[in-house]
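Visitor: Have a look at the structure that comes next, please.
The values are calculated or read from the model by the stated rules, or taken from the named source; none is laboratory data. Just so it is clear, the model here is predicted, and its values are computed rather than measured. All Cβ positions, even for glycine, are placed from backbone atoms using ideal geometry, and neighbour counts span all protein chains on display. These accessible areas exclude ligands, DNA and RNA; they are computed on the full protein's heavy atoms, side chains included. Shrake-Rupley method; radii C 1.70, N 1.55, O 1.52, S 1.80 Å.
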Amino acid sequence: MFVIIGVISDTHNLVRPEVFKVFNGVDLSVHAGDIGERDVLLELEILAPVKTVLGNNDWGLPAKYKEQLSFKLSEKNILIQHICKDIPEES
């Protein structure tokens with residue numbers, strides 16, 4: 001299975017128009033933190049489902065968002081984290 005993933009971070013309340021062109025046709029969007037307002041995620045969700053984590057500048061977003069997120073996609077383990085600290089070593 002071939003999956004196209006669009007990865008973005010540090011939007012800080014702004015989804016630039018170029019993102020819609022670049023992310024056109026993605027199967028999944030990943031926002032790796034410093035989102036800003038929830039509206040940024042709503043804009044990205046127009047294009048594809050969004051997985052996201054909080055960054056060091058994200059305050060006031062719903063508690064459902066965490067600093068680290070792991071999930072399986074096409075039999076691959078995916079780990080998203082904004083700041084690369086405390087990332088578990090591969091075993």
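Visitor: Within the stretch 28-36, identify whether any single residue is outside any helix (DSSP H, G or I), open to solvent by less than 30 Å² (accessible area, probe 1.4 Å), more than 22 Å from residue 70 (Cβ to Cβ) and in contact (Cβ under 8 Å) with a residue 24 or more places away in the chain, and answer yes or no.
Guide: Yes, the stretch 28-36 contains at least one residue that is outside any helix (DSSP H, G or I), open to solvent by less than 30 Å² (accessible area, probe 1.4 Å), more than 22 Å from residue 70 (Cβ to Cβ) and in contact (Cβ under 8 Å) with a residue 24 or more places away in the chain.
Visitor: Related question: Please work out if residue 55 is at negative phi, in contact with a Gly (Cβ under 6 Å, 6 or more places away or on another chain) and surrounded by 13 or more Cβ atoms within 10 Å (Cβ to Cβ).
Guide: Yes, satisfied.
Visitor: A follow-up question, please. Among (1) at pLDDT below 95; (2) more than 25 Å from residue 84 (Cα to Cα), which single condition is residue 62 missing?
Guide: Against the list (1) at pLDDT below 95; (2) more than 25 Å from residue 84 (Cα to Cα), residue 62 comes up short only on (2).
Visitor: Further, regarding this structure: Residue 80 fails exactly one of the following numbered conditions: (1) buried (at least 18 other Cβ atoms within 10 Å of the Cβ); (2) touching a Pro at 6+ places or on another chain (Cβ under 8 Å). What is the number of that condition?
Guide: (2)
Visitor: Right, something else. When you go through 71, 20 one by one, which is the residue that is touching a strand residue (DSSP E or B) at 6+ places or on another chain (Cβ under 8 Å) and surrounded by fewer than 18 Cβ atoms within 10 Å (Cβ to Cβ)?
Guide: Just a single option satisfies the conditions, and that option is 71.
Visitor: Right, here's the next one. Which of the numbered conditions does residue 3 fail, given that it passes all the others? Conditions: (1) surrounded by 10 or more Cβ atoms within 10 Å (Cβ to Cβ); (2) not in a loop (DSSP other than H, G, I, E, B).
Guide: The number of the failed condition is (2).
Visitor: If you take the residues of the stretch 6-27 that are among the aliphatic types (A, V, I, L, M) and in a loop (DSSP other than H, G, I, E, B), which of them is farthest from residue 43 (Cα to Cα)?
Guide: Per the stated criteria, the residue is 26.
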